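Here the structure comes first, spelled out in structure tokens, and everything after it is commentary.
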Amino acid sequence: MNFFWIYEIASWQLGSLIIGLTVALALSGLLLTRGWIRRTFKLSDKTNEGVNGFFSGIGVFYGLLLGLVAVATWESYDEACDLTSRETSAFAALFRDAGSFPDQEKNLMQQSLRDYLVYVIETEWPAHQHGERPTGGSRILTGVQKVLTGFHPASVEQQTLQAETLRAFNQLVEARRLRTDAVNNGLAPILWFVVIFGAVLSIVVTYFLYFDDINTHTALTTFIAIFIGMMIFFIAAIDNPFRGPTAVTSDSYLEILDNLGDLDRESV
């Protein structure tokens, strides 16, 4: 089942949905099973000690799991941000190097690089929001490569320039590949199963606590459900770094595009 539709709504809506659904299911389960559990398992103040011990154990292990998953998800998101910075840095270096070539090669390469930047911003980024990885950018870079490798240096300086530009080009290609590979990064389904199953188990254990006052029991279950719902929301919101309202943006590419003139002057 495809749940990527959650990235089509605002963050506050997603948070409200996940937390609200978690609380609603937790309270529904409590109200439907409270009487049966109390009669079947003969709950009393004495049984609370054993339930508390079991609940503490579940809480420690599940809390540790949620923490590790949340950290791993954040690191993946942060890495995606770093990849965009790495690509734009490589692009800027290549564009400057291209500006030092003779006019014919310079104009061909810089125009292709401009086209590449516009393509990334206007075509690839919207496609990334849907988990797609267009290949048009690779074709544009292939054109740059042909101009670069077809250039015949007439001096040692030009030979050095060509080698340096090839190095910058390869860095850009590698950064692009890493970015496109990260488009569909996310938790494995088995991890999501463990997270959801752990949430259900943690909430169900609270049903076995004995309280004379149902309001106290309801409040405790609600607090736990809210905490679990918040953690699941955080993980889901940044699980796919290029999707949704919290997705990695193309701002660094837009900034480079706005400053191409300055980069060209720096190369002169």
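Computed from the coordinates by the stated procedures, all read-outs in this text should not be read as laboratory data. Everything numeric in this text was worked out from a predicted model, so none of it was measured. Quick reminder, even Gly has a Cβ in these numbers, built from the backbone with ideal geometry, and neighbours come from all protein chains shown.
Structural remarks
- The distance linking segment 1-44 with segment 189-239 is 8 Å (Cα centroid to Cα centroid, whole angstrom).
- You can think of it this way: the chain between D212 and L254 has 9.0 nm of extra reach, that is 0.36 nm per residue less the Cα-Cα gap.
- Think of it as helices only: each DSSP H run of n ≥ 4 in the chain is worth -39500 (n - 2.57), and spread over all residues that comes to -26500 deg cm²/dmol at 222 nm.
- Separation of the F61 and T142 label points, Cα + 7 Å toward Cβ, nm: 5.3 nm
- Residues within the reach of a label modelled at F3 (point 7 angstrom out along Cα to beta-carbon, backbone nitrogen below 16 Å), restricted to segment 163-186, are 185-186.
- With the simple spin-label model, which puts each label point 7 Å out from Cα in the Cβ direction, the L178 to D262 separation comes to 2.4 nm.
- Segment 55-266 - charge dipole about Cα centre, Lys and Arg +1 at Cβ, Asp and Glu -1, debye rounded to 20: 500 debye
- Residues in segment 155-172 carry Karplus couplings, in order, of 7, 5, 4, 5, 5, 5, 4, 4, 5, 5, 5, 4, 5, 5, 5, 5, 5, 5 Hz; the curve used is 6.51 cos²θ - 1.76 cosθ + 1.60 with θ = phi - 60°, and Gly or Pro positions show x.
- Going from the fewest other Cβ atoms within 10 Å to the most, the residues K46, K106 appear in the order K46, K106.
- Given the choices [x] 0.96; [y] 1.23; [z] 1.09, Rg/Rh (Cα atoms, Kirkwood Rh) derived from the coordinates of this structure is entry [y].
- Length-normalised contact order of the chain in % [C-alpha pairs under 8 Å, at least 6 apart]: 43 percent
- In Hz, Karplus ³J(HN,Hα) per residue of segment 16-25 (6.51, -1.76, 1.60; θ = phi - 60°; x = Gly, Pro): 4, 5, 5, 5, x, 5, 4, 5, 4, 5
- Applying 1/(1 + (r/R0)^6) with R0 = 45 Å to the Cβ-Cβ distance of E157 and I121 gives a FRET efficiency near 0.85.
- Residues R243, R133, ranked from the fewest to the most other C-beta atoms within 10 Å, line up as R133, R243.
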